[in-house]
Amino acid sequence: MNQKPRPKRAYVETYGCQMNISDGELMQGILADHGYEIVGAPEDADVVLVNTCAIREHAERRVLGRVSQLNGLKRERPDMVIGVTGCMAQRLGKTLLEQAPYVDLVMGPDGYRGLPEALERLERERSGGGSEHGTPRAAGVAPGGTISVIERSRGRGPQLAVLDLNMDENYQGLERRRADGPSAWVPIQRGCDHRCTYCIVPYVRGGEKNRSAVEVLSEVRRLAEQGVTEVTLLGQTVNSYVWEGVSFPGLLRDVARIDGIRRVRFTSPHPNDVTPDLVEVMAEEDAVCEQLHLPAQAGNNRTLKRMLRRYTVESLLEKVDLVRSAIPDVALSTDIIVAFPGETDDEFRDTLDLMRTVRFDEAFTYKYSLREGTPATRLPESDFVDADVAQARLAELIEVSRDIQSEINHSEIGRVEEVLIEHTGRDEGQVRGRTRRSKVVVFDGDPARIGEYADARLDRTTGVTFIGTEVGAAESVAAG
Ligand code: 5AD
Ligand code: SF4
């Protein structure tokens, strides 16, 4: 009997931000479309892709460790393909292939359309001859850009690099393969036109590219038909989105009005594009959640200027007022970097003051990490803050922001909030979900109800997470 060959199996492991998670779904979609079976563990896969982040050094170190661990699997199965994709692949490119000679493919964030062709090419090159060890040669152009082939020492086959940045690539027309569930990430933009001096993103993801609003809306409609009720619109500066006259507030309004969509979120906005029009849509559209991420980065004007953030503490505070006057109950979160080169102790204290003034519901806090190729690396060496000072500032910032978060959350005890049940809880018989304001709540419930909405009273808090009790509809009306 004629047996069909077994489909190739691929495994994608993603690190980093929501955009990268979404890119992982995109790669899985592209591979599934080309006949690959997507599997859940590297042990089961012929092709293992590690989708990486380059935002801080720590993220890159973790990936290098992981890739070398995967090489252990490859020693048992030499046919296995290890690919490194995403921002770190773009940043390190061929250097990564030298540093980790067991990696077969590096591919940057604009190359994924050509992933199947690159994998086919790799297979052909492996079975055919090669040229001299260590010599790169261009091997033509695939849909994802130029494929360079680098010969390895005898018997190990070649390595491929696909590293073109492409201003036209916004992955129009390709399907993502999403995990089942009530929530979906929807990228509407790739790349960034800002040049914040600490940030590697514009160099590894290129300039801002926006997706067609028509395509975004039809994707959300399709998701709603499949049962998705919560969408998060994604972009590096998501609220600077514009496409053929459709601005971000317009798109947000249209998404919020799609039948079946109960919750809309977006991340990450740039504070400068938090405009009255946007705030009006947030306030008016029932589906847009009462939550805003407002990455401040620092609370001192000299530092903000040196970061090239293009706003001042005063203008940022005006944005906070604008949002809070339209949506009094809005939950605000932020990103803060401490120990940016040249930051003095007093300037760091200004950041603590900003935290105390705004009182963010949540803060994501980072120590400045030097990224080769970014403008901040050219600051005088004497400006760089000692590691122990940076660590102490981070610890102090975390303490201040955690205390504020805890105070805010304790003041919310007793509220009844709508929770979208997303996961099982840590203990048996518990479920976990988020409120519209993106607060995490755990309560007793049947895991079969994942995807449903429930009203829960917030009984207690760890300071970060809430422990609640589900209340019946009548009780929630009474409490409201
Ligand atoms: N060092 C530390 N944190 C950084 N971020 C971006 N680049 C760096 C860097 N070089 C932080 C910013 C950004 C978040 C996603 O990561 O706060 O908003
Ligand atoms: Fe990086 Fe600034 Fe662009 Fe955000 S806005 S991705 S921090 S350059």
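The values are calculated or read from the model by the stated rules, or taken from the named source; none is laboratory data. This structure is a prediction, so every number in the text was calculated from the model and none was measured. Cβ placement follows ideal geometry from the backbone for every residue including glycine, while neighbour counts extend to all protein chains displayed.
Structure summary
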| item | result |
| --- | --- |
| Condition broken by ALA100, with the remaining ones in (1) modelled with pLDDT of 95 or more; (2) buried (at least 19 other Cβ atoms within 10 Å of the Cβ) satisfied | (1) |
| HIS423, sole failed condition from (1) in contact (Cβ under 8 Å) with a residue 12 or more places away in the chain; (2) crowded, with 17+ Cβ neighbours inside 10 Å | (2) |
| Residues of segment 185-239 that turn out to be of a type in the set (Ser, Thr, Tyr), more than 10 Å from ligand 2 (Cβ to nearest atom) and over 18 Å from the mean Cα position of the chain (by Cα), as a count | 3 |
| Selected residue (criterion: nearest to SER218 (Cα to Cα)) from residues of segment 254-301 that are away from ligand 1 (no atom under 16 Å from the Cβ), assigned to a loop (DSSP other than H, G, I, E, B) and in contact with a strand residue (DSSP E or B) (Cβ under 8 Å, 6 or more places away or on another chain) | ILE261 |
| Filter pass, ALA296 being touching a residue at least 40 places away in the same chain (Cβ under 8 Å) and touching a helix residue (DSSP H, G or I) at 6+ places or on another chain (Cβ under 9 Å) | yes |
| Close pairs from segment 269-293: first touching a residue at least 12 places away in the same chain (Cβ under 8 Å), partner surrounded by fewer than 21 Cβ atoms within 10 Å (Cβ to Cβ) and of a type in the set (Phe, Trp, Tyr), Cβ under 6 Å, at least 6 apart | PRO271/TYR311; ASN272/TYR311 |
| Subset tally (residues that are buried (at least 21 other Cβ atoms within 10 Å of the Cβ), assigned to a helix (DSSP H, G or I) and of a type in the set (A, V, I, L, M)) for segment 223-253 | 4 |
| Residues of segment 298-319 that turn out to be of a type outside the set (Lys, Arg) and surrounded by fewer than 22 Cβ atoms within 10 Å (Cβ to Cβ), as a count | 9 |
| Search result, residues across segment 192-237 that are of a type in the set (S, T, N, Q) and more than 30 Å from VAL385 (Cβ to Cβ) | ASN210, SER212, SER218, GLN226, THR229, THR232 |
| Condition check for ARG432: without any contact (Cβ under 8 Å) to a residue 24 or more places away in the chain, touching a strand residue (DSSP E or B) at 6+ places or on another chain (Cβ under 6 Å) and either at negative phi or among the hydrophobic types (A, V, I, L, M, F, W, C) (or both) | yes |
| Boolean, ALA326 is more than 16 Å from ligand 2 (Cβ to nearest atom), in contact (Cβ under 8 Å) with a residue 12 or more places away in the chain and either surrounded by fewer than 20 Cβ atoms within 10 Å (Cβ to Cβ) or over 27 Å from SER438 (Cβ atoms) (or both) | yes |
| Unique residue being at pLDDT 95 or above, over 29 Å from ARG91 (Cβ atoms) and among the aliphatic types (A, V, I, L, M) when the list is LEU394, LEU379, LEU332, LEU370 | LEU332 |
| Where ARG195 falls short, out of the listed (1) in a loop (DSSP other than H, G, I, E, B); (2) away from ligand 1 (no atom under 16 Å from the Cβ) | (2) |
| GLY35 vs. criteria at positive phi and surrounded by fewer than 22 Cβ atoms within 10 Å (Cβ to Cβ) | yes |
| Test: residue in segment 222-241 that is over 23 Å from ASP168 (Cβ atoms) and within 16 Å of ligand 1 (Cβ to nearest atom) | yes |
| Search result, residues across segment 12-23 that are more than 16 Å from ligand 1 (Cβ to nearest atom) and buried (at least 21 other Cβ atoms within 10 Å of the Cβ) | VAL12 |
| Selected residue (only one of GLY86, GLY108, GLY40 is of a type outside the set (A, V, I, L, M, F, W, C) and more than 20 Å from the chain's Cα centre (by Cα)) | GLY40 |
| Residues (under 23 Å from the mean Cα position of the chain (by Cα) and among the charged types (D, E, K, R)) located in segment 255-275 | ARG262, ARG263, ARG265, ASP273 |
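This table checks each residue for (1) within 28 Å of ARG434 (Cβ to Cβ); (2) in contact (Cβ under 8 Å) with a residue 40 or more places away in the chain.
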site	(1), (2)
SER183	yes, yes
TYR198	no, yes
VAL201	yes, yes
GLY207	no, yes
SER212	no, yes
GLU219	yes, no
GLU225	yes, no
